[in-house]
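Here's the structure we're looking at; comments come further down.
The values are calculated or read from the model by the stated rules, or taken from the named source; none is laboratory data. Worth saying up front: this structure is predicted, and the values here are computed from it rather than measured. Backbone-built Cβ (ideal geometry, glycine too); neighbour counts: all protein chains shown.
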Amino acid sequence: GDSVTQMEGPVTLSEEAFLTINCTYTATGYPSLFWYVQYPGEGLQLLLKATKADDKGSNKGFEATYRKETTSFHLEKGSVQVSDSAVYFCALSEGAGGTSYGKLTFGQGTILTVHP
Amino acid sequence: DAGITQSPRHKVTETGTPVTLRCHQTENHRYMYWYRQDPGHGLRLIHYSYGVKDTDKGEVSDGYSVSRSKTEDFLLTLESATSSQTSVYFCAISERGGAYEQYFGPGTRLTVT
């Protein structure tokens, strides 16, 4: 079945450092890829997504590119802030087609802590 | 923010008792999902619904049942709670399937003693 693997955490950075969180996937067909973020005590919220190969999703300074050849969707940010401290989840769904049910398969999550 | 509420937000129950968690939405979205979140596992899909009275199993459905009698409510029932069902449960909604965004509720923390 489909699966998502994220880099082991936790990740601790100083403010303004460069962030990379690795994500690779295994899936049949052509999945859509997502990054969700969970702030302390809250539910998840969508950070960015990409629905086909070579698409780049971006939001709030975060970026990720859908790489079909390496089955990867790594999350990057050039300069992190204390407010970026959260848990980040990579996820995939069955595909962009309207007939799919949008079931998400998640990675295990990566805890990011940013210090001033 | 999407209008999703979950109740109760916290619950402690004993092994063997039935438990029902409720997800209520005010967005009139067609799709609803129940996930559980456990350390080291991320979130895993329990059940989902693609319309009123239309439901199906997810990855970890054993020991759980669901019902959706109207668009706005999606109920998750643990028929006989076990300690392995101690977890944080999240409901999510989506206007459509596929690559459309899912909006998550605030979660229910369930402890089975």
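Taking residue A:46, is it more than 14 Å from every other protein chain (Cβ to nearest Cβ) and under 22 Å from residue B:44 (Cβ atoms)? Step through it out loud before you land on a result.
Details: more than 14 Å from every other protein chain (Cβ to nearest Cβ): no; under 22 Å from residue B:44 (Cβ atoms): yes.
The answer is no for residue A:46.
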Notebook entry, point to check: In the set A:99, A:70, A:105, which member is part of a loop (DSSP other than H, G, I, E, B) and modelled with pLDDT under 95?
Noted result: A:99
Next item on the list: Check whether at least one residue in the range B:51-65 is buried (at least 22 other Cβ atoms within 10 Å of the Cβ) and under 22 Å from residue A:94 (Cβ atoms), and report yes or no.
Entry: no
Next item on the list: From (1) closer than 19 Å to residue A:72 by Cβ; (2) part of a strand (DSSP E or B), pick out the condition that doesn't hold for residue A:54.
Entry: (2)
Check: Looking at residue A:5, is it under 11 Å from the mean Cα position of the chain (by Cα), within 16 Å of residue A:88 (Cα to Cα) and within 12 Å of another protein chain (Cβ to nearest Cβ)?
Finding: yes
Next item on the list: May I ask you to list pairs of residues, at least six apart or on different chains, whose Cβ atoms are under 7 Å apart, with the first in the range B:38-49 being of a type in the set (Lys, Arg) and the second being modelled with pLDDT under 95?
Entry: B:44/B:59
Item checked: Complete set of residues in the range B:75-113 that are in contact with a helix residue (DSSP H, G or I) (Cβ under 8 Å, 6 or more places away or on another chain) and either under 23 Å from residue A:66 (Cβ atoms) or of a type outside the set (S, T, N, Q) (or both) -> B:78, B:110, B:112
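Which residue is farthest from residue B:100 (Cα to Cα), if the candidates are limited to the range A:8-43 and must be aromatic (Phe, Trp, Tyr) and either more than 10 Å from chain B (Cβ to nearest Cβ) or assigned to a loop (DSSP other than H, G, I, E, B) (or both)? Can you show your working first?
Here is the first cut: in the range A:8-43, the residues aromatic (Phe, Trp, Tyr) are A:18, A:25, A:30, A:34-36, A:39.
Right, trim to either more than 10 Å from chain B (Cβ to nearest Cβ) or assigned to a loop (DSSP other than H, G, I, E, B) (or both) and you get A:18, A:25, A:30, A:35, A:39.
Values: A:18: 29, A:25: 19, A:30: 15, A:35: 13, A:39: 21 Å.
Among residues in the range A:8-43 that are aromatic (Phe, Trp, Tyr) and either more than 10 Å from chain B (Cβ to nearest Cβ) or assigned to a loop (DSSP other than H, G, I, E, B) (or both), the one farthest from residue B:100 (Cα to Cα) is A:18.
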Checklist line | Of residues in the range A:40-81 being more than 19 Å from residue A:110 (Cα to Cα) and among the hydrophobic types (A, V, I, L, M, F, W, C), the one surrounded by the fewest Cβ atoms within 10 Å (Cβ to Cβ) | finding: A:53
Checklist line | Tabulated pairs, the range B:9-30, first within 13 Å of residue B:85 (Cβ to Cβ), second at pLDDT 95 or above and among the basic types (Lys, Arg), C-beta under 7 angstrom, 6+ apart or interchain | finding: B:19/B:11
Item checked: Residue within the range A:76-92 that is in contact with a Pro (Cβ under 6 Å, 6 or more places away or on another chain), assigned to a strand (DSSP E or B), within 14 Å of chain B (Cβ to nearest Cβ) and at pLDDT below 95 present -> yes
Notebook entry, point to check: strands (runs of 3 or more DSSP E) wholly in the range B:35-113 with at least 3 residues that are modelled with pLDDT of 95 or more and under 26 Å from residue B:14 (Cβ atoms) - which ones?
Noted result: B:42-51, B:64-70, B:73-78, B:87-94, B:108-112
